[in-house]
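Read the structure below first, then the notes.
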């Protein structure tokens, strides 16, 4: 439908463009007529074109018709007729009446006008057809440019998807390797070994895992590319962040309205380590920096899920430890 509308608009504009007169035809026509008259007078030594057949004024009429169409040929006919009557007007013999003289005098101008209309009309059709072809060519070029731009965007998007898929595949391999290396000897060791799982799952380049101990959170493990300071460089978590994580049971993301006063400077997000809703906070996963191309919202969602999974494992480990502590006195008494 858009194509049809464009074609109709182009067709409607063509007559206006075709009807526009190119005023260069005026000096060109007059110059050609002046050259013809000068050639006849100074070269042929004539003043009436009597020695030339067909009449030389056919030259400007045909040339203007071929170049400018009906408008140019009609003007050339009028100018040639005026020059003919000014330079070599037809002579009336004594035996000619008015009508015979008029027929003789108007014979050449009439022939020029007929030729002008025929040749000029054909030229106008040719120009209209050429204008339509140019319009179609312009539309085809626009469509080709649009298609080329779309293909470029598609190729770029495919490249980004391939890079993302490759990165996801590498991350999946890293997650599987990190899960295989989990150490469940005790809760702190489990949390420390779980850092690699968080790093590869979230796509983080720097993160710290904290555990709740004696009413405060203590850094247990820290992974930071190029930073050898370890836990000494772990950011300190504010009490307001712990209060926000505890009741909400969800991640605090850098783009949140109140995140500036909650997260440590430069941190991407923080997620709670919990086992179930309503249970006390067990720890915090702090994502300090993400790898290039990672989305912070997606990273926060994954960190939140990993915090719940880790919380369930830690809670299960605590439950097993309590059960073992209760079994020991009974075994000793038996």
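The values are calculated or read from the model by the stated rules, or taken from the named source; none is laboratory data. The structure displayed is predicted, hence computed values, not measured ones. Neighbour counts are summed over all protein chains in view; Cβ atoms, including those assigned to glycine, are modelled from backbone coordinates with ideal geometry.
So which residues in the stretch 224-251 are outside any loop (DSSP other than H, G, I, E, B), closer than 18 Å to residue 204 by Cβ and without any contact (Cβ under 8 Å) to a residue 24 or more places away in the chain, if there are any at all?
Listed by number, the residues that qualify are 230, 231, 233.
Just checking, does the stretch 106-120 include any residue being closer than 26 Å to residue 56 by Cα, assigned by TED's automatic domain parsing to the domain that holds residue 77 and not in a helix (DSSP H, G or I)?
Taking every residue of the stretch 106-120 in turn, at least one turns out to be closer than 26 Å to residue 56 by Cα, assigned by TED's automatic domain parsing to the domain that holds residue 77 and not in a helix (DSSP H, G or I).
Can you find a residue in the stretch 182-189 that is surrounded by fewer than 10 Cβ atoms within 10 Å (Cβ to Cβ), without any contact (Cβ under 8 Å) to a residue 24 or more places away in the chain and not in a helix (DSSP H, G or I)? Break it down stepwise before answering.
As a first pass, look at the stretch 182-189 and keep what is surrounded by fewer than 10 Cβ atoms within 10 Å (Cβ to Cβ): 185.
Filter once more, so that each one left must be without any contact (Cβ under 8 Å) to a residue 24 or more places away in the chain: 185.
Filter again for not in a helix (DSSP H, G or I), leaving 185.
So far as the stretch 182-189 goes, yes, one or more of its residues are surrounded by fewer than 10 Cβ atoms within 10 Å (Cβ to Cβ), without any contact (Cβ under 8 Å) to a residue 24 or more places away in the chain and not in a helix (DSSP H, G or I).
Which residue, of 178, 270, is outside any loop (DSSP other than H, G, I, E, B) and either assigned by TED's automatic domain parsing to the domain that holds residue 315 or under 15 Å from residue 305 (Cα atoms) (or both)?
Values: 178 fails: either assigned by TED's automatic domain parsing to the domain that holds residue 315 or under 15 Å from residue 305 (Cα atoms) (or both).
One residue alone meets the criteria, 270.
Mind checking which residues of the stretch 273-301 are within 17 Å of residue 200 (Cβ to Cβ) and either part of a loop (DSSP other than H, G, I, E, B) or modelled with pLDDT under 85 (or both)?
Selection gives 291, 292, 293, 294, 295.
Out of 71, 130, 86, 76, report the one residue that is modelled with pLDDT of 75 or more, in the same structural domain as residue 29 (by TED's automatic domain parsing) and over 17 Å from residue 29 (Cβ atoms).
Numbers: 71 fails: over 17 Å from residue 29 (Cβ atoms); 86 fails: over 17 Å from residue 29 (Cβ atoms); 76 fails: over 17 Å from residue 29 (Cβ atoms).
Residue meeting the stated conditions: 130.
Looking only at the stretch 276-296, count how many residues are in contact (Cβ under 8 Å) with a residue 40 or more places away in the chain and under 21 Å from residue 243 (Cα atoms).
Total satisfying the criteria: 9.
Of the residues 123, 141, which single one is in contact (Cβ under 8 Å) with a residue 24 or more places away in the chain and farther than 30 Å from residue 269 by Cβ? Let's see the steps before the verdict.
Numbers: 141 fails: in contact (Cβ under 8 Å) with a residue 24 or more places away in the chain.
None of the other options fit; the residue is 123.
I need a count of the residues in the stretch 20-49 that are at pLDDT below 80 and exposed (fewer than 11 other Cβ atoms within 10 Å of the Cβ).
So the count comes out to 4.
So residue 222 passes all but one of these: (1) farther than 27 Å from residue 266 by Cα; (2) modelled with pLDDT of 90 or more. Which condition number does it fail?
Here residue 222 clears every test but (1).
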